[in-house]
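Quick notes on the structure that follows.
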Amino acid sequence: MKKLLLAAGFGLAMATSAVQAADKIAIVDMSNLLQQVAQTSGVSQTMKNEFGGRASELQRMETDLQTKVQRLQRDGSTMKASERTKLEKEIASGRQDFAQKAQAFEQDQARRSNEERGKLVTRIQAAVKKVAADQGVDLVVPSNAVIYNSSDVKDITADVLKQVK
């Protein structure tokens, strides 16, 4: 336990000394940058174009299943046993097929979203480095990690946004 406290204290001291050694500190609002760069670069439209057809197919499958379930509920008691069994099997098979396709769709969409987000983060990080170098900034901290900020800490979010565009 003593070693853990000692290590934590040492880490805090190192972080404090690193901040004190930095002559010029700036903050940047990464979430705002991600949102604005994503809008201007057309990522959402790209994703919509890429996954729109599959989303439409899933919607059609869901509507078809709902229609069959409603038919079974409405007419099931008056149907022949063989017809009712056939419809129940179609519904069960359709639900399983829908669940598999929906899961694959969600996984593919999440993977592609992460890829696009990674590309945006890389572009933003390069812009942050360039702006920081141009302005002589020694340390750039995400604004959501800042608890207190005095007036001499510069927000370079707008400059980074201009650089990315």
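Descriptive notes on the structure:
- Taking the criterion of being among the small types (Gly, Ala, Ser) and farther than 30 Å from Ala110 by Cα, the residues of region 54-100 that qualify are Gly76, Ser77, Ala81, Ser82.
- Only one entry in Val137, Val160 is on the phi < 0 side of the Ramachandran plot, out of contact with any Ser or Thr (no Cβ under 7 Å at 6 or more places or on another chain) and in a loop (DSSP other than H, G, I, E, B), namely Val137.
- Selected residue (criterion: most open to solvent (accessible area, probe 1.4 Å)) from residues of region 122-149 that are of a type in the set (S, T, N, Q) and under 26 Å from the mean Cα position of the chain (by Cα): Asn144
- Residue list for region 102-114, restricted to those being without any contact (Cβ under 8 Å) to a residue 12 or more places away in the chain and open to solvent by less than 60 Å² (accessible area, probe 1.4 Å): Ala104, Ala110
- One residue stands out among those in region 1-45 that are under 15 Å from the mean Cα position of the chain (by Cα) and hydroxyl-bearing (Ser, Thr, Tyr): the one that is modelled with the highest pLDDT, which is Ser31.
- When Arg117, Arg74 are screened for being over 20 Å from the mean Cα position of the chain (by Cα), among the basic types (Lys, Arg) and open to solvent by 100 Å² or more (accessible area, probe 1.4 Å), only Arg74 passes.
The values are calculated or read from the model by the stated rules, or taken from the named source; none is laboratory data. Everything quoted here is computed from the prediction, not taken from an experiment. With ideal geometry, Cβ positions are generated from the backbone for all residues, glycine too; neighbour counts draw on all protein chains shown. Calculation scope for accessible area: heavy atoms of the full protein, side chains included, ligands and nucleic acids excluded. Shrake-Rupley method; radii C 1.70, N 1.55, O 1.52, S 1.80 Å.
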